[in-house]
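All of the numbers you see were taken from the coordinates with simple rules; none came from a lab. Worth saying up front: this structure is predicted, and the values here are computed from it rather than measured. Neighbour counts are summed over all protein chains in view; Cβ atoms, including those assigned to glycine, are modelled from backbone coordinates with ideal geometry.
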Amino acid sequence: MDDNSQTLKEQLASLEGKLTELIDMADRLKVENASLRARQGNLVEERSRLIEKNDLARAKVEAIITRLKSLETA
C-alpha cells in the first residue's frame with residue numbers, strides 16, 4: 001500500500017469519525033428539542049392556569065371592596 005492510499009484511508013476514517021460525532025450530536029439535540037418543546041407546552045398551560053386564577057382572585061377582591069364600600073355608605 002502506498003502513502004497516498006494510506007493517507008486517503010486515514011482521511012476517510014477521520015471523516016467517518018466526525019460524521020459519527022455529528023450524527024450523535026444531532027440525535028442528542030433532537031431529544032433535547034423534544035424535551036424543551038414539551039416543557040414549553042407545560043409552562044404555557046401553567047401560565048394560562050395562573051392567569052385564570054389571578055383573574056378569579058382579582059374579581060373576588062373587587063367584589064369584597066365593592067361590598068365594603070356599600071357597607072360604609074349604608
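Excluding same-chain neighbours fewer than eight residues apart, the aspartates and glutamates reachable from Lys30 by a Cα-Cα span under 16 Å are Glu21.
For a straight C-alpha distance cut-off of 19 angstrom, the lysines reachable from Lys69 (same-chain residues fewer than eight places away being disregarded) are Lys60. Electrostatic tally near Glu32: other residues with Cβ closer than 15 Å to its Cβ, Lys and Arg +1, Asp and Glu -1, net +2. For the chain, the normalised intensity computed at q = 0.13, 0.20 Å⁻¹ comes to -0.70, -0.90 (log10 of I(q)/I(0), Debye sum over alpha carbons, equal scatterers, no solvent). Local charge for Glu62 was computed over the other residues whose Cβ lies under 12 Å away, with Lys and Arg +1 and Asp and Glu -1, and equals +3. Each stretch of four or more DSSP H residues adds -39500 (n - 2.57); spread over every residue of the chain, this sum gives -36500 deg cm²/dmol at 222 nm.
The magnitude of the dipole of the chain, with charges of +1 and -1 set on the Cβ of Lys/Arg and Asp/Glu and taken from the Cα centre, is near 960 debye.
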